[in-house]
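The values are calculated or read from the model by the stated rules, or taken from the named source; none is laboratory data. Computed from a predicted structure; not experimentally measured. Here Cβ is always computed from backbone atoms with ideal geometry, including for glycine, and neighbour counts include all displayed protein chains.
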Amino acid sequence: MSQIFKRIKLSFDNLSAYNKREGNVREEWGLMMDTTAEFVKIWMKLTNDWNTQIEQMLAPQLTIGQLEVLELLQKQEPMKPSDLLPYLETTPAAITTLLDRMERAGLVERRRDEQDRRIVWIHMTPHGRSEVERGIQVRTRIASRSLERISAHNRQLLVYLMGKVAGTWENKSQDGAGHKDGQSGPEHSEQREQGA
């Protein structure tokens with residue numbers, strides 16, 4: 001009879017341990033969901049605030065969408081309209097409309113390919129070059145105002161963590177942009193500085 005009670009007690013102990021583990025998992029899941037929801041809420045507010053301020057400071061000469069196109073051209077000029085599709089996540093018709101407006105504003109010009117007249121290349125004008133510089137300065141100034149609220153170390157940590165969340169930090173490490181000692185990110189910067 002005592003063997004039966006020992007087995008029953010062992011079963012209850014195992015069940016209790018299982019329930020405790022399950023409770024911890026549920027609690028961790030709930031905490032993660034709360035943290036995720038809070039992150040989304042903060043991120044949406046921040047980006048909405050930034051976009052509103054940027055649009056106001058760029059207007060009436062430039063929009064955020066036009067700034068995106070000019071930045072792409074700054075890196076990869078010239079481009080075909082179809083080259084913009086993967087970056088702008090929109091339709092070909094919307095890109096054509098955007099480019100029409102940019103051309104009328106003197107930001108870009110379209111040129112036919114000399115070998116194949118069916119191909120149209122987009123080039124920045126001098127006015128487009130000055131506007132992309134202005135737009136980048138406006139955006140940097142607005143972001144800097146928010147980032148000034150935290151220390152330089154925390155800014156570096158924030159950039160690192162946001163890169164991890166976005167999946168871009170791993171790409172930098174894989175591309176050889178990581179540190180040669182194998183320790184990347186701000187959490188190892190003090191060790192690198194001390195020669196550890």
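Under 7 Å between Cβ atoms, at least 6 apart or on separate chains: pull out the pairs that start in the stretch 52-69 with a residue that is in contact (Cβ under 8 Å) with a residue 24 or more places away in the chain and end on any residue that is among the small types (Gly, Ala, Ser) and buried (at least 18 other Cβ atoms within 10 Å of the Cβ).
LEU58/GLY135; LEU62/GLY135; LEU67/GLY135
For the stretch 115-130, which positions are exposed (fewer than 10 other Cβ atoms within 10 Å of the Cβ) and within 28 Å of GLN61 (Cα to Cα)?
PRO126, the sole residue that qualifies.
Looking at LEU72, LEU67, LEU98, can you tell me which residue is modelled with pLDDT of 90 or more, touching a Lys or Arg at 6+ places or on another chain (Cβ under 9 Å) and farther than 20 Å from MET162 by Cβ?
Result: LEU67 is the single residue among LEU72, LEU67, LEU98 that is modelled with pLDDT of 90 or more, touching a Lys or Arg at 6+ places or on another chain (Cβ under 9 Å) and farther than 20 Å from MET162 by Cβ.
Please verify whether the stretch 77-95 includes one or more residues that are under 17 Å from GLU131 (Cα atoms) and of a type in the set (Gly, Ala, Ser).
No.
Tell me which of these ARG139 doesn't satisfy, since it passes every other one: (1) surrounded by 15 or more Cβ atoms within 10 Å (Cβ to Cβ); (2) modelled with pLDDT under 95; (3) out of contact with any Leu (no Cβ under 9 Å at 6 or more places or on another chain).
Of the numbered conditions (1) surrounded by 15 or more Cβ atoms within 10 Å (Cβ to Cβ); (2) modelled with pLDDT under 95; (3) out of contact with any Leu (no Cβ under 9 Å at 6 or more places or on another chain), the odd one out for ARG139 is (3).
Within the stretch 69-86, can you find the residues that are part of a helix (DSSP H, G or I) and surrounded by 14 or more Cβ atoms within 10 Å (Cβ to Cβ)?
Listed by number, the residues that qualify are VAL69, LEU70, GLU71, LEU72, LEU73, GLN74, PRO81, ASP83, LEU84, LEU85.
Which one of these does MET162 not meet: (1) exposed (fewer than 12 other Cβ atoms within 10 Å of the Cβ); (2) at pLDDT below 90; (3) among the aliphatic types (A, V, I, L, M)?
Answer for MET162: the failing condition is (1).
Test LEU73 against the stated conditions and say whether it is more than 18 Å from the chain's Cα centre (by Cα) and either assigned by TED's automatic domain parsing to the domain that holds SER144 or touching a residue at least 12 places away in the same chain (Cβ under 8 Å) (or both).
It is true that LEU73 is more than 18 Å from the chain's Cα centre (by Cα) and either assigned by TED's automatic domain parsing to the domain that holds SER144 or touching a residue at least 12 places away in the same chain (Cβ under 8 Å) (or both).
Among (1) of a type outside the set (S, T, N, Q); (2) crowded, with 16+ Cβ neighbours inside 10 Å; (3) at pLDDT below 95, there is one condition ARG112 misses while meeting the rest; what is its number?
With (1) of a type outside the set (S, T, N, Q); (2) crowded, with 16+ Cβ neighbours inside 10 Å; (3) at pLDDT below 95 applied to ARG112, the lone miss is (2).
So how many residues does the stretch 54-68 have that are crowded, with 17+ Cβ neighbours inside 10 Å and part of a helix (DSSP H, G or I)?
Residues in the stretch 54-68 being crowded, with 17+ Cβ neighbours inside 10 Å and part of a helix (DSSP H, G or I): 4 in total.
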